[in-house]
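The values are calculated or read from the model by the stated rules, or taken from the named source; none is laboratory data. Bear in mind that the values here come from a model prediction, so they are computed numbers and not experimental data. All Cβ positions, even for glycine, are placed from backbone atoms using ideal geometry, and neighbour counts span all protein chains on display. Just the protein is used for accessible areas: all its heavy atoms, side chains included, with ligands, DNA and RNA removed. Shrake-Rupley method; radii C 1.70, N 1.55, O 1.52, S 1.80 Å.
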Amino acid sequence: MPNARGAAAEDPARLAARLARNAVDNLPSGALAERLGAARKEGRQLRVKLGIDPTAPDIHLGHVVVLQKLREFQEAGHTVVLIIGDFTARIGDPSGQSVLRPVLEPEEIERNAATYQ
């Protein structure tokens, strides 16, 4: 974590603005700065989680944005958790409107998840 020391000393509002850069929404407004400030006061890291479903065998370009954002939190000294879930892959698109999210067999989900790891 090359920037962890500098990020720890950075003003929480300024760090929040930097971490929220390029995000469409950061809701509720001001919450990230508050959490960063509270964590700093308590001498702890934030735990930032991202859940992805292995509906395909490969991580694709669409994942890059959120993975880069996780990296920014990590570089700021926080703990990042990547969760490979399978619920959406198991149920597909419950509305039946998208053929892009079919119900997958458990074996296919396991193979896809293995490629994510």
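Loop-located trypsin sites (Lys or Arg not before Pro) across the range 19-87 with a Cβ neighbour count of 16 or fewer within 10 Å are R21, R44, with loop assigned by DSSP. Over the chain, DSSP H runs of length four or greater, each weighted -39,500 (n - 2.57), average out per residue to a 222 nm ellipticity of -14000 deg cm²/dmol. Across the chain, C-alpha contacts under 8 Å between residues 6 or more apart give a mean separation that, scaled by the residue count, equals a relative contact order of 30 percent. Remark: the Q117-R71 segment gains 14.9 nm on full extension, using 0.36 nm per residue and subtracting the alpha carbon distance. Just the protein heavy atoms count here, and of the accessible area of the chain at 1.4 Å, carbon and sulfur take up 53 percent.
Distant-in-sequence amide contacts of V48, defined by a placed amide H-H separation under 5 Å and a gap of 5 or more residues or a different chain, comprise T79, V80, V81.
Net length available on complete extension from E105 to L61 is 13.4 nm, with 0.36 nm assigned per residue and the Cα-Cα distance removed. The charge dipole of the chain, taken about its Cα centre with unit charges on the Cβ atoms of Lys, Arg (+1), Asp and Glu (-1) only, comes to about 700 debye. Think of a 1.4 Å ball rolled over the protein heavy atoms: the chain then has 70 Å² of accessible area per residue. At an R0 of 30 angstrom, the distance between the Cβ atoms of I84 and R44 translates into a FRET efficiency of 0.70.
Largest first and in whole Å, the equivalent-ellipsoid semi-axes of the chain read 34, 15, 12, each the square root of five times a Cα gyration tensor eigenvalue. Phi-derived couplings, Karplus 6.51 cos²θ - 1.76 cosθ + 1.60 at θ = phi - 60°, listed residue by residue for the range 35-52: 5, 5, x, 5, 5, 5, 4, 8, x, 10, 9, 7, 10, 10, 10, 9, x, 10 Hz, with x used for Gly and Pro. Cut-off 10 angstrom, C-alpha nodes, Gaussian network model of the chain. Which of E72, E107, E34 fluctuates the most? Top of the fluctuation ranking is E107.
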